Every structure is written in structure tokens, then in C-alpha cells.
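Remarks on the structure that follows.
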Amino acid sequence: MSQADVRAQWNEHVGWSVTADRLKRSIAISRTAVLVLTASGALLQTLAASFGGNTRIAAAGAACLTVAPFVTANFLSREHTSCWQRARSISEAIKTEVFQFLAQVDKYASLTDPAAALRTKCKEIREWGMGLELARAKTGEIKMAAPSFTKPEDYLNLRIDEQINSYYRPKSVWNATRAEQYRLIELALGLAAAVMGGIVTAVGSDSKIVLGPWVAVVTTVTGAITAHAAASRYDFQATTFAATARQLTDLLAEWRALKTNASGAAWSEFVRQCEDVISAENRGWMAKLDE
């Protein structure tokens, strides 16, 4: 086994992972900007009307409402989402190959030159990044310690346990918490709009209490928050992360219960099943986000 080849491919995985993180961060910032601009625009326009048509406040509100669709069109297009997803796919696919190589599954263990096969496969994966050369170049060369197996069973700890306890379960909790927070915000704003609407109806149009325009503001803000939460897919990701953690936990428990030597066809099938679960999860949430 060539540790130099493992390090080289692991660095490629890390480089593409950092690239994907940067692209994802740009999308997240843009989504937040659209939310803030939409809410601010509605608020400022209503404030301008409340202050007798203040032109400066009205202009600021109009500017916010004009910039929001510009950000959406230029930074939240399907092309931008696709670039992030492809970068993430490349990173995860290389990572999968490295772990299968280290675990010595049959497709590598049976070869006279497994390191050459790893290099060839990872080269094919990197070809998915055609058109992402600039984004990848911005990341540069990143070196990080590669996993090292002294025995095949290290795969259980460094890959499966790590994915379950350091990624899927924490991510599931984080996304579930965010989803709940947004639901509570939407509920609070919905109740506020309902109360304000009730007051407007009760006092009538002759009252000095002018709440009608603010009901529209709250409704607009609620809609923007709902759209932001829906685009982020917090509920879906919480569910898929939890399901993947459960599947990997079951596979790991079944393997350990067998007390089989980590070699041969049974071992290779177990590793393939684990990697298939991880790959299916990656494909699932990326396809959902692409909607």
C-alpha cells in the first residue's frame, strides 16, 4: 500500500471539500441577504408612508426590493447550486475511493497494483469538475493528514464511527433545531399578523391606530422567512441525516455481531454497503436541494 498515493488523493478530497464549503457558504450568505433585503424593503416602504412619504426612507426601501431579485438571479441560480453540488460530489467520491483502498476491498485487494487503480479512479472523478477549475484554483493546495490503517478494522472507527458520531448525528440535531426555530418564528409572526388584523377590523378605518400597512409588512416578512427555510431544507436534511446514522449503526452492529475476520468477500460486501449508504445520502440531499 502506497501511503504517498493515499496522501495525494486525500489532499484532493480535502481541496474539493474546502471548495464545496466555500461555494455553499456563498449560497447561504446570498439566501440570508435576500431574506434581509426583502424584510427591510417592506419595512422601510411602510415606514416611509407612515412618515408622510419620506423620500429617503422610501428610496432605501425601493433599493432593498430591487437588489433582492438581483441577488437571487446572480447568486442563487441553478448553476451556482450545481457548482457547489459537483464540488461536493467530487470530494465525497474521492473520499469513498480512499477508504475502500485503505480497507482493502476486493476491487483493490485483488490487483497487482492497487495504487495505480486508485490514481486512475480518482483522476476519472476529478474530471467531473470540468468548468469548476477557477473555483478549485481559488482553494489552492491544501495538505491534511490522511487516515492510516494498520488493520482493516480501522475502517470501522475512522470511517463508520466517525461519520455516525461526528457528522450525521450532530448534523441531524442541528438541522432539526433550525427547522424548529424557523417554525416558531413563522408561528409568532402569523399570530402577530392575525392579532393586528383583528385590531384593524375592530377599530375600523376612522381610528388613529394605523395597523393595516403593518399587517402587510408582517405577512411579507413571514413569507420571506418561510421561503428561506424551505430553500434550506432543514426538515429534510434532519430526517436524512438521522436515517443514515441509523442505517450505518445497524450495519456496524450486525458486522460486529458476526465476529468475522475483516477480509474476503464478506468484508468487501460490508464496506460496499456502508459506502452505498453514505453515497445514497449524499445524492438524496443534493437532489432535494436542487429542487
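The values are calculated or read from the model by the stated rules, or taken from the named source; none is laboratory data. Bear in mind the structure is a predicted one, so any value in this text is a computation, not a measurement. Glycine gets a Cβ as well: all are built from the backbone with ideal geometry, and neighbour counts include every protein chain shown. The accessibility values were calculated without ligands, DNA or RNA, using every heavy atom of the protein model including side chains. Shrake-Rupley method; radii C 1.70, N 1.55, O 1.52, S 1.80 Å.
Put simply, the Cα atoms of segment 102-159 extend 38, 24, 15 Å along their principal axes, the longest span coming first.
Could you give the C-alpha radius of gyration of segment 28-92 expressed as a fraction of 2.2 N^0.38 Å, taking N as the number of residues it contains?
Numbers: Rg = 16.4 Å, N = 65, 2.2 N^0.38 = 10.7 Å.
Cα-based Rg divided by the globular estimate yields 1.53.
Coupling constants for segment 49-55 follow from the phi torsions by the Karplus curve (6.51 cos²θ - 1.76 cosθ + 1.60, θ = phi - 60°), and in residue order they are 5, 5, 9, x, x, 4, 6 Hz; glycine and proline get x.
Using a probe of 1.4 Å, the accessible surface attributed to T139 totals some 20 Å² when neighbouring protein chains are kept in position. For helix 169-203, what angle does its Cα long axis make with the longest principal axis of the chain, in degrees from 0 to 90 and rounded to 10? Rounded to the nearest ten degrees, it is 10. The residues of the chain have, on average, 53 Å² of accessible surface per residue, using a 1.4 Å probe with all protein chains present. Building the convex hull from the alpha-carbon atoms of segment 110-218 and averaging its projection over directions returns 13.8 nm².
In whole Å and largest first, what semi-axes does the C-alpha gyration tensor of segment 180-278 yield when each eigenvalue is scaled by 5 and square-rooted? Provide the component values of the computation, followed by the final result.
Values: eigenvalues 649, 25, 6 Å².
Values for segment 180-278, descending: 57, 11, 5 Å.
If you take all C-alpha pairs in segment 24-153, what percent of them are over 16 Å apart?
Details: 6198 of 8385 pairs.
Looking at segment 24-153, the distances longer than 16 Å represent 74 percent of pairs.
Of the accessible area of the chain, computed with a 1.4 Å probe over protein heavy atoms only, carbon and sulfur atoms account for 60 percent. Residues in segment 147-154 carry Karplus couplings, in order, of x, 10, 9, 8, 8, x, 5, 4 Hz; the curve used is 6.51 cos²θ - 1.76 cosθ + 1.60 with θ = phi - 60°, and Gly or Pro positions show x. Computed over all pairs of different Cα atoms, the Kirkwood value for the hydrodynamic radius of the chain is 22.4 Å.
With r defined as the distance between the Cβ atoms of R272 and A145 and R0 fixed at 35 Å, what FRET efficiency is calculated, to the nearest 0.05?
Numbers: r = 26 Å, r/R0 = 0.74.
Result of the calculation: an efficiency of 0.85.
Which residue, G52, G61, G264, has the most motion in a Gaussian network model of the chain that connects Cα atoms within less than 10 Å? Among G52, G61, G264, the largest mean-square fluctuation in the Gaussian network model of the chain belongs to G52. Determine the relative contact order of the chain: mean sequence separation of Cα pairs under 8 Å and six or more apart, normalised by residue count, in whole percent. It rounds to 25 percent for the chain. Projecting label points 7 angstrom from Cα along Cα→Cβ for A109 and A227 puts them 5.4 nm apart.
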